[in-house]
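Report on the structure given below.
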Amino acid sequence: MKRIFIAAILLTAATSGAMAGGLLHNTNQSVAWQRMMARGATNEIDAVFSNPAGTAFIEHEGWTLSLNIQSAFQTRDVETSFPMFAYTNADHSTWREYNGKATAPVIPSLYAVYKRNRWAASAFFGIIGGGGKCNFEDGLSLFDASVMAGIYSKTAQMLASQPSLKALLDADALTPDMYSINSSMKGRQYIFGGQLGGAYQITKNLSAFAGLRVNYFNGNYKGHVKASLSSALTQKAAAAIAALPAEQQAAYLPLVQKIGAEGGLTNIALNTDQTGWGVTPILGVNFRWKGLTLAAKYEFKTNLNIENNTKELVTEALGEHSDDLSASMEPYKHGVNTPNDLPSVLYLAAGYEILPKKLRAAVEYHFYDDKHAGMAGDKQKFLTHGTHEILAGVEWDINRIFTVSAGFQNTDYGLSDDFQSHTSFACDSYSLGFGGAVNINSHMRLNVGYFFTNYKKYTRTQEHYLNNPAMPAGTDIFKRTNKVFGIGLDYKF
């Protein structure tokens, strides 16, 4: 069972977050983005994140503030076929489905811009990465399948060397119908970002931006897996031992008591906090000519290491401490550092006023260089390419008070079988968003938005499940859903 729990209990839920963007980034940092998506060419307050160089062209002189609150609800399900599941499924099927729920009920973002003549100073705070909270109440197929195979292998070796105990249990090895598995996983992961910068109008058509964002990682991962011998089998073995001579009872009773206790076959538990921080330099340019806006933003790669503060780490098998399991859990021991870099990102956007001050449209492209950002276990090397995103949106001012908009985003991650894992998987997708804005008065604007993501299922079949030569073949189907609501308020003074 040495390979069972490598990265298993550590629920890296945010590798693909409950929001939108690359594997490690959230790009929906405003309700205006929710309702239009392609905001990379905007010159409104949300340009602080989407097009920071565009803040130099904000029309209002003085302060503009914006507060946005979003709520994200996501499911992450894994459907698995594994031969040993047939032992305990009522219909002897080899398929099981494991359901995970990820929620981020309050996702805040705050913008501030001070504009004076050609200059604009801006600030931003938001959750720029992470998937919120995720909970697999019934564990994952990774745990069940690995535990089943591991127990079978270990007990087959043990009973082969102890024929008397083998006779008592009346089995060559323990199969899944002889014990129960209780497991639960939950995790929390957020990357908070605070950004400061300045933009300047170099000419009446061209502006540039330079700034920094400080990123702070905060996560917690808690889970357990307990495999316990069935009470009927424990009682049967105890009764058989009681009928043996005293010297044989002394030989077998302690072992049966150990493996017959709760978690006596396998007992794994983890509770760890993780923290870390890194700095992202940001550059941007913005060009305006009549109704056309061209914009670009580049975020440099951020070196981000996260450190464990482990409160609980239990690794026991067959009633005693397991050196193999302990070695496999080395990455999650107290004080260990793990890479969790934010990749460099290139944003390119073009916007055009089809009808001046009335109807606008925009298209956008994002590239996240995920293959060159360090991940735990060098997982990034299994990607076939970095993340590509294409966005498009349209916005219409119905009149001086009401605005409506809609948008589209398509995301291609460059996934592979070896990159995907039960605790951290992604699926290519497209998202649709829509919403509107209301100008309450000349100083205040209310934004409302909603978007949902349609994910492609990812199917993986392995000749040896989990790439473990001791395991039979198995198939996983990874599935996700995502819905995000938002409301925001812009204020000028």
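Observations
- Distance from region 441-493 to region 220-283 (C-alpha centre basis), Å: 34
- Available extension along the chain between residue 275 and residue 459 is 62.9 nm, counting 0.36 nm per residue and deducting the alpha carbon span.
- Model label zone, residue 334; criterion: amide N under 19 Å from point 7 Å along Cα-to-beta-carbon; scope region 184-216: none
- Net +/- balance of residues flanking residue 382 in space, Cβ distance below 14 Å, scoring K and R +1, D and E -1: 0
- Note on region 117-193: Cα-only Rg and Dmax are 25.0, 90 Å.
- Cβ-derived FRET efficiency at R0 60 Å, residue 60 paired with residue 94, nearest 0.05: 0.45
- Neighbour net charge for residue 135 - beta-carbon separation under 14 angstrom, K R +1, D E -1: +3
- Cα pair count fraction exceeding 16 Å, expressed as % - region 50-132: 69
- Note on 31, 147, 279: ascending count of other Cβ atoms within 10 Å places them as 279, 147, 31, the fewest first.
- Cut-off 15 Å, label 7 Å out along Cα→Cβ of residue 208, residues of region 268-310 by amide N: 282-287, 296-298
- In the chain, the calculated helix contribution to ellipticity at 222 nm averages -4000 deg cm²/dmol per residue, counting -39,500 (n - 2.57) for every DSSP H run with n ≥ 4.
- Fewest neighbouring Cβ atoms within 10 Å first, the residues 413, 252 line up as 252, 413.
- Grouping the Cα pair distances of the chain into 20 Å bins from zero gives a pair-distance distribution of 23, 45, 22, 9, 1 percent in increasing distance order.
- Positive-end residue of 208, 125, 243, charge dipole of region 114-250 with Cβ unit charges: 208
Since every read-out is calculated from the coordinates, none of them should be taken as a lab result. Values in this document were obtained by computation on a predicted structure and should not be read as measured data. Glycine also receives a Cβ, built like all others from the backbone with ideal geometry; neighbour counts cover every protein chain displayed.
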